[in-house]
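Written out below as structure tokens is the structure these notes cover.
The values are calculated or read from the model by the stated rules, or taken from the named source; none is laboratory data. What you see is a predicted model; the values in this text were computed from it and never measured. Cβ: placed from backbone, ideal geometry, glycine included. Neighbour counts: every protein chain shown. Areas reflect the complete protein model, heavy atoms only, side chains present, ligands, DNA and RNA absent. Shrake-Rupley method; radii C 1.70, N 1.55, O 1.52, S 1.80 Å.
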Amino acid sequence: MRRNPHAIFATITASTLLLGGFATATAQAAPAKAQSLYAPSALVLTVARGEDPMTATVERAVTLACAPSAEGTHPDPAAACKELAAVQGKFAELAAGPSNRTCTRQWDPVVVTAHGVWQGKPVQFSTTYGNSCEMAGSMNDNAVFAF
């Protein structure tokens, strides 16, 4: 039996093109990854002892994700996310308003911080209070830093 090198080459080329075409068609037919309808909102919240957020000793820390649903290690993520949504993620506005709490003037500084992303935008917030009573009074006992 005599082999025709041109016929063999043509068969191999046709097979390669045919299989390559199936691979390309299969790759193009794969569905695109679903894009989230929600901008990410994921935060790490801390309460620390000390004056400076960079050197304070962290006593408590939680995670909080608000989109697409409220979750994380925060004890009440739904309430915390609702409060943050009400102030559009502006942590400084959580402390807006007068406090009815009477606190001692004892100097035992507490630093609260928030780092992460709120509705797709980077967040870096920290503020220092004279003591934990001042912190609770200033935050009006909100859920965000109640952990």
>> Looking only at region 53-62, count every residue that is open to solvent by less than 30 Å² (accessible area, probe 1.4 Å) and either closer than 16 Å to GLY116 by Cβ or modelled with pLDDT under 95 (or both) and tell me the total.
In response: 1
> Within region 102-147, which residues are aliphatic (A, V, I, L, M), surrounded by fewer than 18 Cβ atoms within 10 Å (Cβ to Cβ) and not in a loop (DSSP other than H, G, I, E, B)?
Replying inline: VAL117
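In region 67-77, which residue that is closer than 15 Å to LEU45 by Cβ and surrounded by fewer than 17 Cβ atoms within 10 Å (Cβ to Cβ) is nearest to the chain's Cα centre (by Cα)?
The qualifying residue nearest to the chain's Cα centre (by Cα) is GLU71.
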> Which of the residues that make up region 69-88 are part of a loop (DSSP other than H, G, I, E, B) and either closer than 19 Å to GLY120 by Cβ or at pLDDT below 85 (or both)?
Replying inline: SER69, ALA70, GLY72, VAL87, GLN88
>> Whether any residue in region 123-134 is over 20 Å from PRO40 (Cα atoms), touching a Cys at 6+ places or on another chain (Cβ under 6 Å), at pLDDT below 95 and of a type outside the set (Asp, Glu) is what I want to check.
In response: yes
> Quick one: what pairs do we get from region 120-144, first residue free of Cβ contacts under 8 Å to residues at least 24 places away in the same chain, second open to solvent by 40 Å² or more (accessible area, probe 1.4 Å), C-beta under 9 Å, 6+ apart or different chains?
Replying inline: PRO122/HIS115; GLN124/HIS115; ASP141/ARG101
> Of these, ALA25, ALA65, which one is modelled with pLDDT of 95 or more and of a type outside the set (Phe, Trp, Tyr)?
Replying inline: ALA65
> Being assigned to a helix (DSSP H, G or I), touching a residue at least 12 places away in the same chain (Cβ under 8 Å) and either open to solvent by 60 Å² or more (accessible area, probe 1.4 Å) or among the basic types (Lys, Arg) (or both), is that true of even one residue in region 89-98?
Replying inline: yes
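Each row is one residue, and each column tells you yes or no for (1) modelled with pLDDT of 90 or more; (2) at positive phi; (3) small (Gly, Ala, Ser).
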{"site": "GLU51", "(1), (2), (3)": "yes, no, no"}
{"site": "LYS90", "(1), (2), (3)": "yes, no, no"}
{"site": "LEU94", "(1), (2), (3)": "no, no, no"}
{"site": "THR104", "(1), (2), (3)": "no, no, no"}
{"site": "ALA114", "(1), (2), (3)": "yes, no, yes"}
{"site": "TRP118", "(1), (2), (3)": "yes, no, no"}
{"site": "ASN140", "(1), (2), (3)": "no, yes, no"}
